Each structure stands twice: as structure tokens, then as C-alpha cells.
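Every number in this text was worked out from the coordinates using simple rules, so none of it is lab data. Predicted model, so just to flag it, every value in this text is computed and none were measured. Counting neighbours? That spans all protein chains shown, and the Cβs are built from the backbone with ideal geometry, glycine included.
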Amino acid sequence: MQRTGKRRWIGCGLGLGVVFLGALAVQRGAENAVEERLATLNAELRDFAARPQASRVPWEPVVAGNAVLDYQVIEWALAPRPGWDEEPPAHLAQGSVPRGGGEDALLLRELYRRFHLGEEVAPSAEELRALRRHRGLLERARRALRRERCDWQTDPADFRPHARPHPPAYFAFAGLVVAEARARPVDALPLGTLLAAVGRDLARCDELLGLLAGAGVQRAGYRLLVEAVASGSASDEALAEALGKLEALPPLGLEPAARAERLGQEAILAVGSGRWQRTVRPSTAVFEGARPLRWPAPLLAWEWNCYREAHRDRLQAALAPAPARAEALSSARARLDARWCYLARRILPDFGHCADSLDALATDRARALATLRAAQRREATPPAR
């Protein structure tokens, strides 16, 4: 009996030792996986910061500088970014344009909303007064489009609320342009071109919010262009100029913004590790030094891997052709739901809405280009005798 008892105790000890060593191996493997993810994230953030910008042809005459500084003035005047009350950029706080927002911005955004929904828009007296107060922003936008570059300096891992463009300001600006086009129908063609170009610049920030806001602003511009051509008030020179500027605008794509979205969410997971060291822009580093993991390493490694796989799966589904997209997205969601992935189900965006918006934008763009080309051909055709 004593020998049997000893053998049992030895067996239990060996079993516990095996379990302990197995758990230690799992922990060590998970920690190594997390370290590899952190190194990969830093490398991807460096690559993102050094990515080539989409082609951009400045309007004539070209002026030096970054167009983003002019766009920030528009934001400051219509809908300042969250956080600018405490930390306004010096060129805005000391500039000549007063801080705006309030009733004028609400009126102009409502005007844009009605126009975006396809309603007939006739600016009210209050909206026309808002137009008169902010008409100078139209020239500010033209100046931005003449700038030699447009660099938003997007950092997906910068979590400050004022680190990215503020879409409500640009919806209000689109309403301002629509009001000007209704007040001065003869200028509707160049104003539509202006909106299309501003929307493209907005999407250059390569983030989902900027992409969706840029697409909405561009669609308003394309509709103004089609209306202006239908009115018959545009000259042959104006048609040629608008067509040239539109053809110079590269189309919008979902992949760059989806990449930035993934890097931003992975940066949140990196923060959860407790040992992330920023190597992209040391001047803005927030998390430095190696410290013990805040989350259990196996859980963090699992969630991180799950998020990357689910992101890739859902993005591929969103990029499917429109007739098959709904079914592909439904299948991607079902595959994610079948796995135990708590964070991925909550932080992964549904790219389907973005893809549908870009499809609608491509249709509007094609229609605007076809309308301009057809109008140009009519102008070039001599009248029949």
C-alpha cells in the first residue's frame, strides 16, 4: 500500500510538472508571438509613413506649401476638430479667420444632406446669410488646390482626437458650395469641379472617415457638374477645363484606408501589451520601454491573430463584385462568429458600406465624365445647314 501511495504521489507530481512545463511553453510561445507582432507593427507603420502619395496635379498657378493648412482653416471656420479648443494649431489661433461652427455649420450641413439625398435645393434666407459670411472659404479651397502638395501626415497610431480631418466641416463646406451654385448658376460648373477636387484631397488622408467624407463631397460635385451641363450655360472653354481637371483626379480605393484602419486597431492591441515602443515618429511617441504584459500573452496573441485574419477575410469580401458582395460579406461574418474572437467582432468595421459608397461614386464619376465629353462633342460639331 505504501508503494502504491508513493507511486500515485510521484505520478501526480510528474503530471503537474508536465502541465506546468506545457503552460510555460505556451506562455513563452505566446510572448514570442506578441514580440513578433510588435516588431511587424512598427515596420508596417514605418512603411505607411513612407508610402507614396497618389498622383496629384495642382491647379494653375501652382503655389508652394501644403494644402492641408488651407483645409484646416476651412475646418476651423465651419466645424473645428475635437481637441482644438485645448490645442489649436498656431496658424489657426493666430490667423485672421475666426473660430466657427454653431448655427451656420448646421444650416450648411443640412443643405448638403438634402442635396445628397437628391432633393431640390433652394437655399433659405438663413442659408444665404451663412453663405455671405463664409464665401471667403471658397477662395481658400481654390488656394488649397493650387498648392504643390497635400500631405495629411496621417499616423494610424496617433489616438488624439484632433489628429485627423473632421468630416462635418467638409459636409458644411459642400453645403456652402451648393448654396453658391444656386445663388450663381453661371458658376455651377467650376464649383462642381472644385468640390470634386476637394473631395479627392480629403480622401488622401487614407483613413476610412476621410475616404467616406471625400466620396460624399465628390458625389455632390459630380451632381453639380451634370446639372451645370444640362443648363447649357457652360462655354466650350469651361467644359474643356472642367473635363481636364476631372480626368486628372485618380479614383478612390478602399485598400489604403482599410490598411490604415487595421494598423490603428493593431496599435490598440499593442498598447494592451504594455511593452510597445514607438519607432515611427519618436517626437510623438507615447508608449516607450519594455514592461510586463498587461494582458495574458496567450489571449493577446490569439485575439491579434484572429483580428488580422478576420480583417483580411472581410476586406476581400467587400472587394468582391457588387452582385456577389452581400453574400461574401455574410459568409465572412459567419466565419468570424464561428470563432471565439471577442475583440475582432467588436472593432472590425463593415467594409461593405464603404465599398457600396465607392461603387456609387464611380457611377457618378462616369456619368459626369460622359456628360462633359458629350457636351464637348456637341460644341465642336458645326450646325447642320
Mean Cα-pair separation over length for the stretch 131-268, i.e. relative contact order, pairs under 8 Å, 6 or more apart, %: 28
In Å and from the alpha-carbon atoms only, list the Rg and Dmax of the stretch 147-229. 13.8, 45
Please rank His116, His311, fewest neighbouring Cβ atoms within 10 Å first, as an exposure proxy. His116, His311
So which helices of the chain fit the span-like rule, where a helix is a whole DSSP H run, its Cα atoms reach 30 Å or more along the axis, and its mean Kyte-Doolittle is at least -1.0? 2-49, 208-231, 297-318, 351-380
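Kindly provide the trypsin sites (Lys or Arg not before Pro) of the stretch 120-163 that DSSP labels as loop, not H, G, I, E or B, and whose Cβ sees at most 15 other Cβ atoms within 10 Å. The partial results should precede the final answer.
On the way: sites: Arg129, Arg132, Arg133, Arg135, Arg140, Arg142, Arg143, Arg146, Arg147, Arg149; in loops: Arg135.
Counting only loop positions with at most 15 other Cβ atoms within 10 Å, the trypsin sites (Lys or Arg not before Pro) in the stretch 120-163 are Arg135.
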Relative contact order in percent for the chain (Cα pairs under 8 Å, 6+ apart) equals 18
Give the Debye-formula value of log10 I(q)/I(0) at each listed q (0.07, 0.08 Å⁻¹), with one equal scatterer per alpha carbon of the chain, two decimals each. -0.42, -0.52
Per residue, what volume in Å³ does the Cα convex hull of the stretch 92-235 take up? 120
Please report the spacing between the Cα centers of the stretch 133-206 and the stretch 232-259 in Å, no decimals. 14
